[in-house]
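Student: This is the structure, below, for whatever I ask next.
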Amino acid sequence: MIDNSMKKKLPIGIDDFAEIRTEDFYYVDKTAMIRDLLNAWGKVNLFTRPRRFGKSLNMSMLKTFLEIGCDKSLFEGLEISKETQLCEKYMGQFPVISISLKTVHGNNYEFAKNELCTVIAKEALRFSFLATSERLTETDRKRYAQLTKVDDTLKSAFAMSVATITSSLNTLSQLLEKYYERKVIILIDEYDVPLAKANERNYYDEMIVLIRNMLDAALKSNQSLYFAVMTGCLRVSKESIFTGLNNPKIYSLLDTRCDERFGFTDTEVQQMLEYYGLSTYFDITKEWYDGYRVVNTYVYNPWDVINWCDQLLTGTDKRPKSYWKNSSGNEEVKKFIRRMGNGVTKAQIERLISGETVQKKIEEQLTYNTMYDNVENMWSLLFATGYLTPSEMPDGNLVRLKVPNNEVRDIFSEFILELFEEKVAEDGTLVTEFCNALKNGDTANVERVFTKGMGKTISIRDTAVRKEFKENFYHGLILGIMFFKSDWGITSNRESGNGYYDIQIEIEEEEIGIVIEVKYAEGGNLDSACAEALDQINKNNYTAELKEDDMHKILKYGIACYKKQCKVVLEREAFDAD
């Protein structure tokens with residue numbers, strides 16, 4: 001038994017490299033990215049990866065390594081420390097401007113512009129010595145003051161004109177070069193977040209002009225720039241934002257360079273699980289959180305792996321969860337699912353959910369204001385944001401796409417079921433017919449109405465996707481029908497007897513208790529699956545809680561599903577409380 005009280009802490013929500021290294025957090029060594037980046041060399045470099053894939057931590061790592069005053073001990077024992085010549089040339093040798101635009105997401109343009117002012121001003125304040133430096137002229141010091149000016153009215157907010165914002169990074173670069181007599185490195189994390197939020201909230205045209213002009217001044221017409229690195233989810237089209245830049249070097253999901261530097265590899269996950277004594281969970285970790293293909297490399301979502309390890313170490317529930325889903329609104333998938341029947345076919349979604357592939361043309365350069373204009377753009381968006389991944393090497397810009405893992409499959413399933421509930425709500429008789437048949441033990445009508453309901457959504461193909469997922473999907477369809485039965489006590493996946501039942505219902509006024517076990521009928525053998533479901537109910541004593549709650553009439557249902565077929569069997573159990 002491993003004593004994890006003496007182990008390194010898991011860095012949940014921490015993207016500060018120095019904090020991770022000094023406060024004894026577990027660190028997956030990605031410092032080889034520094035070598036790869038500097039050896040490949042580009043004046044302006046853009047890394048595009050899905051959210052929660054370690055972009056911010058890698059940018060913090062770059063800043064810590066390159067910035068004047070670098071604590072070299074932070075890199076001892078890491079991969080980059082083996083590159084002695086590179087370390088001598090670059091480590092701690094540059095003034096670094098480092099900003100993240102992830103917080104620039106106001107509800108309107110003015111609010112977002114003020115948030116951008118705050119981001120720039122806080123970074124400028126890191127160099128407060130410029131305000132009084134004798135190395136600068138009085139004019140220079142006044143220019144610096146404009147970057148940290150507080151609004152006279154609001155007192156607590158920073159105030160810059162549009163012209164000052166536009167030139168801010170350029171100005172700060174010039175002042176730092178003058179002070180240090182060295183050119184400057186600029187790091188911009190999540191450069192596209194302001195554009196995504198502006199598009200959602202209808203001020204895109206104003207924000208794209210502001211961001212474009214700021215980047216143009218900082219990254220093209222900036223004689224003080226040594227090199228720059230940006231990160232984001234999307235490679236926003238050159239025509240909309242990078243018109244002034246000369247050939248930025250792009251490190252995308254279709255690029256072999258730095259393919260292992262974002263996300264965790266198989267080896268890195270195995271090492272982490274072994275370190276915490278969790279090696280027996282490797283297979284399920286792989287099924288749920290691996291599968292993102294970056295050309296020749298498959299990687300795991302780091303956010304998921306770290307949270308999953310924490311759950312295994314500190315919680316009693318050892319079932320995997322969708323952590324990535326809870327870190328975003330997942331609007332991309334929602335809008336895609338709602339296009340079903342309007343450019344997106346049921347067959348395409350059925351293939352993806354069932355673990356199969358679809359071949360699509362991928363356009364890597366998108367604009368936020370046209371992402372949802374057509375289905376082709378939406379396929380590209382789902383690829384760029386990590387909801388779909390290549391199953392093989394691309395053929396030009398044609399890519400065979402698949403759902404990467406169980407977690408993302410679960411996200412698709414959730415929004416399919418959400419849409420199903422909406423369709424059920426439109427059919428006022430479906431809920432009444434189904435619930436009446438269920439309560440009355442009318443298996444023929446339970447079958448008929450559930451089959452009718454299944455016709456409103458996708459089916460699950462008989463593929464290699466785990467049986468557990470297929471059963472959960474049909475389980476969700478049943479709950480979707482009963483969702484509107486507010487006068488019934490309906491619970492799901494709760495412990496009773498010797499296990500976890502699928503669905504339990506208590507109809508208190510009539511003292512009727514119902515327990516339902518759902519099975520996917522592999523190969524279409526519905527009779528066998530129904531028998532297996534009832535056997536599981538009886539073997540694990542799932543009716544125990546119903547008896548404790550004085551339900552005198554108990555109905556035990558085994559429901560088997562295969563594609564859009566179902567079979568329902570029933571056992572009745574009378575129970576007289578003492």
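The values are calculated or read from the model by the stated rules, or taken from the named source; none is laboratory data. Owing to the predicted nature of the structure, the values given are computational and were not obtained by experimental measurement. For neighbour counting, all protein chains shown are included, and Cβ atoms are generated from backbone atoms with ideal geometry for every residue, glycine included. All accessible areas refer to the heavy atoms of the entire protein, side chains included, with ligands and DNA or RNA removed. Shrake-Rupley method; radii C 1.70, N 1.55, O 1.52, S 1.80 Å.
Student: Taking the options 68, 34, 80, 20, name whichever one is β-branched (Val, Ile, Thr), open to solvent by less than 60 Å² (accessible area, probe 1.4 Å) and touching a residue at least 60 places away in the same chain (Cβ under 8 Å). Talk me through it step by step, then tell me what you get.
Tutor: Details: 34 fails: touching a residue at least 60 places away in the same chain (Cβ under 8 Å); 80 fails: touching a residue at least 60 places away in the same chain (Cβ under 8 Å); 20 fails: touching a residue at least 60 places away in the same chain (Cβ under 8 Å).
Unique residue meeting the criteria: 68.
Student: May I ask you to list the residues in region 422-456 that are open to solvent by less than 50 Å² (accessible area, probe 1.4 Å), at pLDDT below 90 and of a type in the set (D, E, K, R)?
Tutor: Hit for region 422-456 is 427, nothing else.
Student: Still on this model: For residue 179, which of the numbered conditions (1) in contact with a strand residue (DSSP E or B) (Cβ under 9 Å, 6 or more places away or on another chain); (2) surrounded by fewer than 21 Cβ atoms within 10 Å (Cβ to Cβ); (3) among the aromatic types (Phe, Trp, Tyr) fails to hold?
Tutor: The single condition residue 179 does not satisfy is (1).
Student: Report yes if some residue within region 149-170 is in contact (Cβ under 8 Å) with a residue 40 or more places away in the chain, surrounded by fewer than 19 Cβ atoms within 10 Å (Cβ to Cβ) and in contact with a strand residue (DSSP E or B) (Cβ under 6 Å, 6 or more places away or on another chain); otherwise report no. Give the derivation first.
Tutor: Residues of region 149-170 that are in contact (Cβ under 8 Å) with a residue 40 or more places away in the chain, as a first pass: 157-160, 162, 165-170.
Now restrict to residues that are surrounded by fewer than 19 Cβ atoms within 10 Å (Cβ to Cβ): 157, 159, 162.
Next cut, in contact with a strand residue (DSSP E or B) (Cβ under 6 Å, 6 or more places away or on another chain) only: none.
The answer is no; no qualifying residue exists.
Student: Can you tell me which residue within region 334-384, out of those that are open to solvent by 10 Å² or more (accessible area, probe 1.4 Å), of a type in the set (S, T, N, Q) and closer than 30 Å to residue 203 by Cα, is farthest from the chain's Cα centre (by Cα)?
Tutor: Going through the qualifying residues, I end up with 342.
Quick grid of which residues meet (1) at pLDDT below 90; (2) of a type in the set (Lys, Arg); (3) within 23 Å of residue 54 (Cα to Cα); (4) open to solvent by 30 Å² or more (accessible area, probe 1.4 Å):
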{"site": "217", "(1), (2), (3), (4)": "no, no, no, no"}
{"site": "221", "(1), (2), (3), (4)": "yes, no, no, yes"}
{"site": "244", "(1), (2), (3), (4)": "yes, no, no, no"}
{"site": "255", "(1), (2), (3), (4)": "yes, no, yes, no"}
{"site": "280", "(1), (2), (3), (4)": "no, no, no, yes"}
{"site": "286", "(1), (2), (3), (4)": "no, yes, yes, yes"}
{"site": "290", "(1), (2), (3), (4)": "no, no, yes, no"}
{"site": "296", "(1), (2), (3), (4)": "yes, no, yes, yes"}
{"site": "299", "(1), (2), (3), (4)": "no, no, yes, no"}
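Student: Count, please, the residues in region 498-542 that happen to be in contact (Cβ under 8 Å) with a residue 40 or more places away in the chain, closer than 16 Å to residue 554 by Cα, open to solvent by less than 60 Å² (accessible area, probe 1.4 Å) and not small (Gly, Ala, Ser).
Tutor: Residues that pass the stated criteria total 12.
Student: Something else about it: Consider region 40-61. How many of its residues are part of a helix (DSSP H, G or I), aliphatic (A, V, I, L, M) and in contact with a Ser or Thr (Cβ under 8 Å, 6 or more places away or on another chain)? Let's see the steps before the verdict.
Tutor: Of all residues in region 40-61, those part of a helix (DSSP H, G or I) come to 40, 55-61.
Remaining after also requiring aliphatic (A, V, I, L, M): 40, 57, 59, 61.
Next, only the ones that are in contact with a Ser or Thr (Cβ under 8 Å, 6 or more places away or on another chain) stay: 59, 61.
The number of residues fulfilling the criteria is 2.
Student: Residue check: is residue 423 among the basic types (Lys, Arg), closer than 16 Å to residue 338 by Cβ and without any contact (Cβ under 8 Å) to a residue 60 or more places away in the chain?
Tutor: Details: among the basic types (Lys, Arg): yes; closer than 16 Å to residue 338 by Cβ: yes; without any contact (Cβ under 8 Å) to a residue 60 or more places away in the chain: yes.
Considered against the rule, which asks whether it is among the basic types (Lys, Arg), closer than 16 Å to residue 338 by Cβ and without any contact (Cβ under 8 Å) to a residue 60 or more places away in the chain, residue 423 comes out as yes.
Student: If you don't mind, another one. Would you confirm, using the coordinates I've provided, whether residue 19 is of a type in the set (Asp, Glu), over 25 Å from the mean Cα position of the chain (by Cα) and at pLDDT 95 or above?
Tutor: Values: of a type in the set (Asp, Glu): yes; over 25 Å from the mean Cα position of the chain (by Cα): no; at pLDDT 95 or above: yes.
For residue 19, the condition - of a type in the set (Asp, Glu), over 25 Å from the mean Cα position of the chain (by Cα) and at pLDDT 95 or above - is not met.
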